[in-house]
Amino acid sequence: MRKTDFIIRPMHPADIVYVMKLSNAEGWNQTEKDWKLLIENPQNVCLLAEFNKKIVGTTTAMNYANQMAWIGMVLVDKECRGQGVSKLLLTNILKTLESFASIKLDATPAGQQVYQKFDFKDEYLITRFVTAAMKNLSFDDDDTILAESIRLTDIEEIIALDEHIFGANRRSLIESLIKQYPHKGWLLKRNNSIEGFALGREGNKYHQVGPVFGSTIHDVKMLIGRALKELIKQPVVIDVLNDKEDLMAWLNSIGFTIQRHFVRMYKKKNSFPGIVDKQYLICGPEFG
């Protein structure tokens, strides 16, 4: 195989069944809904590599308000690895993202070395926790009563809070999570103002809890606890910023174990770091 044998082209909705095979082969958690969110939004950039009319690689970039681009879903068929496919995909997608002030991603340790060659720099570490079957937890009444279900009328305030804490406007992502998974959205209000929220989604292997943002560890544990209460005896995955040591210790105490690590990285300037102190759980490496 030569680099010239690979064709790079945009992804289309009809490709979902084939790219799902690639993510499933890696044991990743993405569903068809996740791929649709990435592909069907014309503001995003989603590319694939073909060899002999077979899809052998992918990469995606979420467009966050034309300011930050979020790269994810860098996949290469096992039979085509070592042929420069990921480099070809990244080179092409980065060309399309030149107008963005910042480009970010969450890398596996192996991927980190690849991205460093494209001038990505480390920002911080993230740890993935999983449980195969969520335990039945007990919560104080005072805690669970504060967590309210998210309503459609809360969307605008949550988008604004997410932008403030995350650092960029993620309207399409937040709207999609709330509308597609309304039973997985929780918030905390004080003085009629939202101070924290937890969103979630169904996955191919696990239910994902995140993003979760809040002002204090107490608030965040209330939100996560309320989300987990709906997932008893079900598999759950949670991606935690490594500086949240108290939260990681609590997750260990209720039955979660560490599965893997990610490195958050950025290219160009880290123009939109957000408020890291209030960021606890990410949405997943494909969305940030």
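The values are calculated or read from the model by the stated rules, or taken from the named source; none is laboratory data. From a predicted model like this one, the values you see are computed outputs, not experimental measurements. FYI the Cβ positions are ideal-geometry reconstructions off the backbone, even for glycines, and counts take in every protein chain you see. What goes into the accessible areas is simple: the full protein's heavy atoms, side chains included, and nothing from ligands, DNA or RNA. Shrake-Rupley method; radii C 1.70, N 1.55, O 1.52, S 1.80 Å.
For the pair Arg9 and Arg171, how long in nm is the line joining their label points, each one 7 Å along Cα→Cβ?
Going from the Arg9 label point to the Arg171 one covers 3.2 nm.
Stokes-Einstein diffusion coefficient for the range 1-57 at 37 °C in a medium of 0.692 mPa s, Rh from the Kirkwood formula over Cα pairs: what value in µm²/s?
Approximately 274 µm²/s, per Stokes-Einstein.
Semi-axes of the equivalent ellipsoid for the chain, please: Cα gyration tensor eigenvalues, times 5, square-rooted, ordered largest first, whole Å.
The equivalent ellipsoid of the chain has semi-axes of 33, 20, 18 Å.
With a/c under 1.5 counting as rounded, go ahead and sort the range 7-132 into rounded, prolate or oblate using the C-alpha gyration tensor (a ≥ b ≥ c being the square roots of the eigenvalues; past the cut-off, prolate if a/b is larger than b/c, else oblate).
It comes out rounded by the Cα gyration axes.
Spelling out what I want: for every residue of the range 255-265, take phi, set θ = phi - 60°, compute 6.51 cos²θ - 1.76 cosθ + 1.60 (Karplus), and round to whole Hz; glycine and proline get x.
Rounded to whole hertz, the list is x, 7, 10, 6, 9, 6, 10, 10, 10, 6, 9.
Scan around Gln30 for amide H atoms under 5 Å from its own, H built in the peptide plane at 1.01 Å from N, and keep only partners 5 or more places away or cross-chain.
Those lying under 5 Å, H to H, from Gln30 are Asn204.
Calculate, in nm to one decimal, what Ser215 and Lys53 gain on full extension: separation in residues at 0.36 nm each, minus their alpha carbon distance.
Full-extension gain reported as 53.3 nm.
Taking R0 as 30 Å, what's the FRET efficiency between Lys87 and Lys135 from their Cβ-Cβ distance, rounded to 0.05?
Efficiency computed from Cβ-Cβ geometry: 0.10.
Residue by residue, what Karplus-based ³J(HN,Hα) values in Hz, rounded to whole numbers, does the range 66-78 have, using 6.51, -1.76 and 1.60 with θ = phi - 60° and x for Gly and Pro?
Per residue, the Karplus-derived 3J(HN,Hα) values read 6, 10, 10, 10, 10, 7, x, 6, 7, 10, 9, 3, 4 Hz.
Over all directions, what mean area does the Cα convex hull of the range 73-159 project, stated in square nanometres? The partial results should precede the final answer.
Working: hull surface 43.0 nm².
In nm², the orientation-averaged hull projection of the range 73-159 is 10.7.
Which angle between 0 and 90 degrees, to the nearest 10, do you get for helix 16-25 versus the longest principal axis of the chain when only C-alpha atoms count?
For 16-25 against the chain, the angle is about 80 degrees.
Taking K and R as +1 and D and E as -1, what net charge do the other residues with C-beta under 14 Å from the C-beta of Phe120 add up to?
Computed value for this residue: +4.
Please say if the range 116-208 is rounded, prolate or oblate, where rounded means a/c under 1.5 for a ≥ b ≥ c the square roots of the C-alpha gyration tensor eigenvalues, and otherwise the choice is prolate for a/b larger than b/c and oblate otherwise?
Oblate.
Can you list residues whose amide H is under 5 Å from His207's amide H, if they're 5+ apart or on another chain and H is modeled 1.01 Å from N?
Hits under the 5 Å cutoff: Val236, Val237.
Net charge near Asn24: determine it from the other residues with C-beta under 13 Å of the C-beta of Asn24, scoring Lys and Arg +1 and Asp and Glu -1.
Cβ neighbours under 13 Å give a net charge of -1.
What do you get for the angle between helix 171-180 and the principal long axis of the chain? Use alpha-carbon atoms, 0 to 90 degrees, nearest ten.
With both axes taken from Cα atoms, the answer is about 60 degrees.
Direction-averaged shadow area of the convex hull around the Cα atoms of the range 153-288, nm²?
One quarter of the hull surface, i.e. the mean projection, equals 8.4 nm².
Let's see if you can work this out: charge +1 on each Lys and Arg Cβ, -1 on each Asp and Glu Cβ, no other charges. What is the dipole magnitude of the range 49-152 about its Cα centre, in debye to the nearest 20?
That gives a dipole near 800 debye.
Within 10 Å, count the other beta carbons around each residue, average over each peptide in 38-46, 279-287, and list them highest first. Could you put the intermediate results ahead of the total?
Numbers: 38-46: 17.3, 279-287: 24.3.
Highest mean packing first, the order is 279-287, 38-46.
Going from most exposed to least, what order do Leu247, Leu88, Leu146 have by accessible area with a 1.4 Å probe?
Values: Leu247 0, Leu88 40, Leu146 70 Å².
Final ranking, largest accessible area leading: Leu146, Leu88, Leu247.
Given the chain, what percent of its DSSP beta bridges are antiparallel, to the nearest 5? Please report the intermediate quantities before stating the final value.
On the way: 55 of 63 bridges.
Beta bridges within the chain, antiparallel portion: roughly 85 percent.
Kindly provide log₁₀ I(q)/I(0) values, in the same order as q = 0.22, 0.25 Å⁻¹, from the Debye equation applied to equal alpha-carbon scatterers of the range 196-241.
Debye curve over Cα of the range 196-241, log10 I(q)/I(0) at q = 0.22, 0.25 Å⁻¹: -0.72, -0.89.
Based on the Cβ-Cβ distance from His183 to Lys117, what FRET efficiency comes out when R0 is 45 Å, to the nearest 0.05?
0.60
Need the full-extension length gain, Glu148 to Asn204, defined as separation in residues times 0.36 nm minus the C-alpha distance. One decimal, nm.
Details: separation 56, 0.36 × 56 = 20.16 nm, distance 2.67 nm.
Full extension of this stretch gives 17.5 nm more.
Which length gain, in nm to one decimal place, applies between Asn41 and Glu98 when the Cα-Cα distance is subtracted from 0.36 nm times their residue separation?
18.6 nm
What residues qualify as long-range amide H neighbours of Glu195, i.e. H under 5 Å apart, gap of 5 or more or another chain, H built at 1.01 Å from N?
Leu188, Lys189, Arg190
If you put +1 on each Lys and Arg Cβ and -1 on each Asp and Glu Cβ, how big is the dipole of the chain around its Cα centre, in Debye rounded to 20?
In debye, rounded to 20, the chain gives about 1100.
So, counting K/R as plus one and D/E as minus one, what does the shell of residues with Cβ under 10 Å around Thr58 add up to?
Numbers: positive: none; negative: Asp15, Asp77.
So the environment of Thr58 carries a net charge of -2.
For helix 85-96, what angle does its Cα long axis make with the longest principal axis of the chain, in degrees from 0 to 90 and rounded to 10?
Taking the Cα atoms of the chain, the angle to 85-96 is about 80 degrees.
For the range 24-79, compute Rg over Rh where Rg is the Cα radius of gyration and Rh is the Kirkwood radius from the inverse mean 1/r over Cα pairs.
0.99
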